[in-house]
Amino acid sequence: MAQRILVVDDDKQIVRLVSSYLEQAGFVLFSAYDGDEAMRIIRRERPDLIVLDLMLPKHDGYEITKWLRGDASLASTPILMLTARVEDGDKILGLELGADDYLTKPFNPREVVARVRAILRRATIAPSTTHVLQVRGLVLDVDQHNVTIDGRAIETTPTEFALLKTLMENPNRAFTRGELIEKALGYSYEGLERTLDSHVKNLRKKIENDPTDPQYIETVFGVGYRMNDAPEPSVKKGKR
């Protein structure tokens, strides 16, 4: 069955252009031109991925992303964010709210197709030899595509899941940002090394007791990140 994509932009020419290329690539397309219409279609159609402009009337892309990630039944829906803004802060805010990837306008529609395919591959990540990965209280089930921390289920985006899987498959290995992007996401592009930090920040909020003092995803200064599988230090007697 063809995967279904919702393209949301208040510029109808962009919607037509992007939709045309995605349809040629074999996807089924829906379109919306404002935030209200987008949310109605998302509730009704449950698309496999959303191509989402940031600057929309009624509800902007930030609001829609926050709404999606806050709804358990929709939280895993992949989002490719489009933005005419070039400031890093705007892009990083979108990623920290839960977007999987972004493109800055103007863009090549073929690049949109490539990004959509890459994100959907991550959303349907192939099973590994080990079906369940565990690092202390952190458990990732590859077949079920779910993650728990100390028995509590957490929602992850496809990008977050792919990054976490790669780190857990290679405990204690220090990845450079470039290596982690290539191994987990399968491709690289300008600017992603910087935005990788936003995805890691999101993961830490979800799995760490104290995101400012991470015990699972550690920063290796001057290198990148690693998954620490050493037991957490015990609390000394007399201290809580």
Please tell me if GLY98 is modelled with pLDDT under 90, under 20 Å from LEU196 (Cα atoms) and crowded, with 22+ Cβ neighbours inside 10 Å. yes
Report yes if ILE149 is more than 16 Å from the chain's Cα centre (by Cα), open to solvent by less than 10 Å² (accessible area, probe 1.4 Å), modelled with pLDDT of 85 or more and under 29 Å from ASN170 (Cβ atoms), otherwise no. yes
Can you work out which of the residues in region 72-94 that are farther than 21 Å from VAL15 by Cα, assigned to a loop (DSSP other than H, G, I, E, B) and open to solvent by less than 50 Å² (accessible area, probe 1.4 Å) is modelled with the lowest pLDDT? ALA75
Could you say which residue among ARG173, ARG117 is assigned to a helix (DSSP H, G or I) and modelled with pLDDT of 85 or more? ARG117
Please determine, by comparing only the residues of region 29-49 that are in a strand (DSSP E or B) and in contact with an Asp or Glu (Cβ under 7 Å, 6 or more places away or on another chain), which one is nearest to ARG69 (Cα to Cα). PHE30
Mind listing whichever residues of region 1-28 are more than 12 Å from VAL112 (Cβ to Cβ) and part of a strand (DSSP E or B)? ARG4, LEU6, VAL8, VAL28
If I ask for residues that are surrounded by 15 or more Cβ atoms within 10 Å (Cβ to Cβ) and closer than 22 Å to VAL139 by Cα, which ones from region 212-225 would you list? PRO214, GLN215, TYR216, ILE217, GLU218, TYR225
Within region 1-36, the residues that are acidic (Asp, Glu) and crowded, with 19+ Cβ neighbours inside 10 Å are ASP9
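The values are calculated or read from the model by the stated rules, or taken from the named source; none is laboratory data. Just so it is clear, the model here is predicted, and its values are computed rather than measured. In this analysis, Cβ positions are derived from the backbone assuming ideal geometry, glycine residues included, and neighbour counts consider all displayed protein chains. To get the accessible areas, we keep the full protein, side chains included, count just its heavy atoms, and leave off ligands, DNA and RNA. Shrake-Rupley method; radii C 1.70, N 1.55, O 1.52, S 1.80 Å.
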